[in-house]
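The values are calculated or read from the model by the stated rules, or taken from the named source; none is laboratory data. Fair warning: this is a prediction, and the values are worked out from it, not measured in the lab. Note that each Cβ is placed from the backbone with ideal geometry, even for glycine, and that neighbours are counted across all protein chains shown. When the accessible area is computed, the model is the full protein with side chains, heavy atoms only, and any ligands, DNA or RNA have been set aside. Shrake-Rupley method; radii C 1.70, N 1.55, O 1.52, S 1.80 Å.
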Amino acid sequence: MKKFMEEFRQFIARGNVMDMAVGVIIGGAFSAITTSLINDIIMPFLGIFTSSISFAQLSFTINGAVIAYGNFIQAILNFAIMALVVFCIIKAMNKLHRKKEEAPQQAAPPGPSAEEKLLMEIRDLLKEKG
């Protein structure tokens, strides 16, 4: 049991696990912000065009079963906005990584090799004679 607990401590102490934990916490907070954006700003605005105060109220009943399709529409919009934001963040991060990778490649080209220097000397001598 002691060895198991030691392995577990090592696993938890790894950077990747801690990064993932931070990501989950921030993702939860971001989800709350996105849900508020959908419910409090976007849906009332779209409700103007659909003659409804809120999509959450949109539903129909079949044999006593209430189909609340408005909640489904809100969930789809919430997912779409979160996916868009995550896409933009990843795209920006990839752009930063590409710039970091390109920087070393733009270093000054190496000087001419011994063979190239010899060929340049021959060329210059031929120009002087001709």
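Only the Cβ atoms of Lys and Arg (+1) and of Asp and Glu (-1) were treated as charged; on that basis the dipole of the chain about its Cα centre amounts to roughly 180 debye. On the accessible surface of region 1-94, probed at 1.4 Å, how many percent belong to carbon and sulfur atoms? That share works out to 73 percent.
Treating the Cα atoms of region 27-103 as identical point scatterers in vacuum, please give the log10 of the normalised Debye intensity I(q)/I(0) at q = 0.11, 0.12 Å⁻¹, two decimals. Taking Cα atoms of region 27-103 as identical point scatterers yields -0.43, -0.49.
Per residue, the accessible area of region 1-110 comes to 82 Å² when a 1.4 Å probe rolls over the protein heavy atoms. Shape verdict for the chain, please, from the Cα gyration tensor: rounded (a/c under 1.5), prolate (a/b greater than b/c) or oblate. Oblate shape, in that a/c is at least 1.5 and b/c is the bigger or equal ratio. The listed peptides 112-125, 61-74, 28-41, ordered by packing as a protection proxy, come out as 28-41, 61-74, 112-125 (highest mean of other Cβ atoms within 10 Å first).
Relative to the dominant Cα principal axis of the chain, helix 2-13 is inclined by about 80°. Restricting attention to the chain, lysine pairs at least eight places apart or on different chains and with alpha-carbon atoms under 30 angstrom apart total 4. Rounded to the nearest 10 degrees, the inclination of helix 69-105 to the longest alpha-carbon principal axis of the chain is 10 degrees.
Sequence-distant contacts, meaning Cα pairs under 8 Å at least 6 residues apart, place the relative contact order of the chain at 13 percent.
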